[in-house]
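These notes concern the structure reproduced below.
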Amino acid sequence: MNRTALGKVGVDVNTDRAREAARSAAINMLATIREALGTLDRVERVVNLYGVVNAAPDYVEHTRVIDAASDVLLEVFGDAGRHARLAVGVASLPANMCLEIQAVLQVRPAINAFDDATGPAAPCCSTTPHALVRVAGAPQNAAETKSTPRTTAHASTNRASKP
């Protein structure tokens, strides 16, 4: 099933379809987190989630759309998935995506260079007890990887995340 929704929410994409896309974006983001950290078990908590919705000027359900991504984080991490959140609407997004999300996570350091035998740990995470990792995600489908930006992870050892 194609989970990528392109277009403006409230015009080209309805709220239910945008919620499906937000859920897909959160799942893609979790896959990136797992790849970067070697395991989701290193996530101590989700600090915040920032959701951007490509929306019509009169659209008012941004929060309802991004709730779907928040729900995924709560399902996966339980109480550690509770987070601060901001959901906003914008006039456009790259590649006409209907939304993007970004999360800041607090993670435990890798036990050693090959945490859980999955490969090298993220460099920042092995040197600080509570690194903050910022991860962005967008809904995507393998057939559209050339036109849709890939999910990326950025890490910082600073307590405050910088844009």
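So is Glu20 outside any loop (DSSP other than H, G, I, E, B) and either exposed (fewer than 14 other Cβ atoms within 10 Å of the Cβ) or within 15 Å of the chain's Cα centre (by Cα) (or both) or not?
yes
What single numbered condition from (1) within 16 Å of the chain's Cα centre (by Cα); (2) at pLDDT below 50 fails to hold for Ala122?
Exception for Ala122: condition (1).
Within region 41-50, can you find the residues that are surrounded by fewer than 23 Cβ atoms within 10 Å (Cβ to Cβ) and either more than 21 Å from Glu100 (Cβ to Cβ) or of a type in the set (S, T, N, Q) (or both)?
Asp41, Glu44, Arg45, Asn48
I'm told Val72 meets every condition in (1) modelled with pLDDT of 95 or more; (2) part of a strand (DSSP E or B); (3) in contact with a helix residue (DSSP H, G or I) (Cβ under 8 Å, 6 or more places away or on another chain) except one. Can you identify the failing condition by its number?
Tallying (1) modelled with pLDDT of 95 or more; (2) part of a strand (DSSP E or B); (3) in contact with a helix residue (DSSP H, G or I) (Cβ under 8 Å, 6 or more places away or on another chain), Val72 fails exactly one: (2).
Take the conditions modelled with pLDDT of 95 or more, surrounded by 13 or more Cβ atoms within 10 Å (Cβ to Cβ) and touching a strand residue (DSSP E or B) at 6+ places or on another chain (Cβ under 7 Å) and apply them to Val53. Does it pass?
Here the answer is yes, as Val53 does meet what is asked.
Which condition does Met1 not pass, out of (1) hydrophobic (A, V, I, L, M, F, W, C); (2) modelled with pLDDT under 95; (3) touching a strand residue (DSSP E or B) at 6+ places or on another chain (Cβ under 7 Å); (4) farther than 29 Å from Pro109 by Cα, if it passes all the others?
Among (1) hydrophobic (A, V, I, L, M, F, W, C); (2) modelled with pLDDT under 95; (3) touching a strand residue (DSSP E or B) at 6+ places or on another chain (Cβ under 7 Å); (4) farther than 29 Å from Pro109 by Cα, the lone unmet condition for Met1 is (3).
The values are calculated or read from the model by the stated rules, or taken from the named source; none is laboratory data. What you are looking at is a predicted structure, and each value in this text was computed from that prediction instead of being measured. Note that we place each Cβ from the backbone using ideal geometry, even for glycine, and neighbour counts take in every protein chain shown.
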